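The next block holds one structure in the form of structure tokens; read it before the comments.
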Amino acid sequence: MNVMKMKNIIIGCACGMLLSLVGCFHETELSESKQDRNWYILEDSDDELDHLRYLVFEQYKVPIFYKDTIGSRVDGKDVYGDPVVYYEVLDPNYDLVSVNDEIEIELAEKREQIITAVYFMKDEVLPMLNFTELLPRCFLLVESVHAACYSVSGNYRHEVNTYRSLMASLVGKVDRLERMSDEERKRFAVEIAAEEWASYLTQFKKEELLPFYTISESEVYSKSTAYSKYSSNSGPASTSIPYKDYREYGFLDYDHWEAYKEGDTYKTLNKQYDVADYVAEVLLDDDEAFEAKYAKYKWVLQKYELMKEIVETVKSELKGSN
């Protein structure tokens with residue numbers, strides 16, 4: 001085969017491949033992908049409630065929802081010609097590997113109560129979270145949040161004020177907010193904010209939290225950590241610590257996800273809930289009242305001082321980065 005013939009064959013093949021590619025481009029029309037829609041961007045509305053939510057989103061860049069279904073789209077048609085509708089749902093039990101039923105929610109129904117709750121978030125909660133790093137993906141306002149609780153006599157549920165899941169941070173008691181006293185509203189607000197602070201601190205400030213953890217891990221009870229342990233008069237030594245007031249172990253509360261019997265048994269908090277409890281007290285910003293309440297518990301007072309330092313340091317860091 002001579003050189004000229006070989007060149008013609010190569011050129012012919014190249015042209016054929018090019019025409020084939022051009023044909024493919026013509027056969028398949030490009031269309032907009034529906035998979036990259038951002039369901040968490042709020043748009044303005046003439047509706048009073050939705051306009052208020054938009055103003056909050058514009059100021060703080062975090063959406064507030066009051067329905068767990070936050071959007072939908074039509075993804076073509078099924079074999080019968082009916083539209084296939086996809087719904088974006090905020091599932092509080094969603095996990096990266098599974099879905100459980102530890103959390104139950106009851107949605108808020110009364111618009112005036114929801115409007116009051118949005119103002120509450122705007123004016124009393126979000127100013128304590130005025131850093132991008134502290135904000136959740138979104139907030140979902142509901143009437144109640146009930147968490148699973150485990151007991152030797154059977155499982156039951158208890159109500160919690162707030163709960164941070166992967167998809168949304170839940171805020172309960174929308175229907176009771178108007179009846180709260182100023183003191184109760186302040187406590188509720190700092191608990192919501194503390195949940196977000198605790199999530200950030202336990203993820204990104206592990207080293208800074210070590211002195212705080214150490215008090216309940218070794219100072220109080222040198223045999224082993226007191227975190228997530230049963231304080232019991234009768235339990236085996238390997239899984240329990242001697243029964244005494246949880247404040248003597250440096251905790252402000254016990255684990256409400258477990259059954260509790262005063263004078264007999266309870267389970268101590270895990271680290272994140274312990275951090276959240278102390279952050280809430282720091283955000284209340286009433287040293288005198290705290291010190292008077294816990295004057296008998298030296299470990300509590302020491303952990304409080306450590307948490308004050310951590311919160312102030314992180315605030316300075318976040319201000320500097322914004």
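Every listed requirement among (1) assigned to a strand (DSSP E or B); (2) modelled with pLDDT under 95; (3) not charged (D, E, K, R) is met by T225 save one, (1). For residues that are touching a Gly at 6+ places or on another chain (Cβ under 6 Å) and in contact (Cβ under 8 Å) with a residue 60 or more places away in the chain, tally how many sit in the stretch 82-137. Of the residues in that region, 0 qualify. Of all residues in the stretch 311-322, those that are farther than 15 Å from P211 by Cβ have Cβ atoms under 9 Å from Cβ atoms of residues that are open to solvent by 80 Å² or more (accessible area, probe 1.4 Å) and part of a loop (DSSP other than H, G, I, E, B), 6 or more apart or on another chain, in L318/N130; N322/N130.
Restricting attention to the stretch 167-193, the residues that are of a type outside the set (D, E), over 15 Å from I105 (Cα atoms) and in contact with a strand residue (DSSP E or B) (Cβ under 8 Å, 6 or more places away or on another chain) total 1.
For the stretch 247-271, the candidate set comprises residues that are in contact (Cβ under 8 Å) with a residue 60 or more places away in the chain and open to solvent by less than 60 Å² (accessible area, probe 1.4 Å); within that set, the residue that is nearest to the chain's Cα centre (by Cα) is W257. Just need a number here: residues in the stretch 155-176 that are open to solvent by 60 Å² or more (accessible area, probe 1.4 Å) and of a type in the set (D, E). Residues meeting the conditions: 1.
Given the structure, is I115 surrounded by 15 or more Cβ atoms within 10 Å (Cβ to Cβ) and under 20 Å from the mean Cα position of the chain (by Cα)? For I115, the condition - surrounded by 15 or more Cβ atoms within 10 Å (Cβ to Cβ) and under 20 Å from the mean Cα position of the chain (by Cα) - is not met.
Look at E281 and say whether it is open to solvent by less than 40 Å² (accessible area, probe 1.4 Å), within 26 Å of the chain's Cα centre (by Cα) and either at pLDDT below 95 or over 19 Å from K303 (Cα atoms) (or both). For E281, the condition - open to solvent by less than 40 Å² (accessible area, probe 1.4 Å), within 26 Å of the chain's Cα centre (by Cα) and either at pLDDT below 95 or over 19 Å from K303 (Cα atoms) (or both) - is not met.
The values are calculated or read from the model by the stated rules, or taken from the named source; none is laboratory data. The model shown is predicted, which means the values in this text are computed figures rather than measured ones. A quick note on method: Cβ atoms are made from the backbone with ideal geometry, for glycine too, and the neighbour counts reach across all protein chains shown. For accessibility, only protein heavy atoms count, side chains too; no ligands or nucleic acids. Shrake-Rupley method; radii C 1.70, N 1.55, O 1.52, S 1.80 Å.
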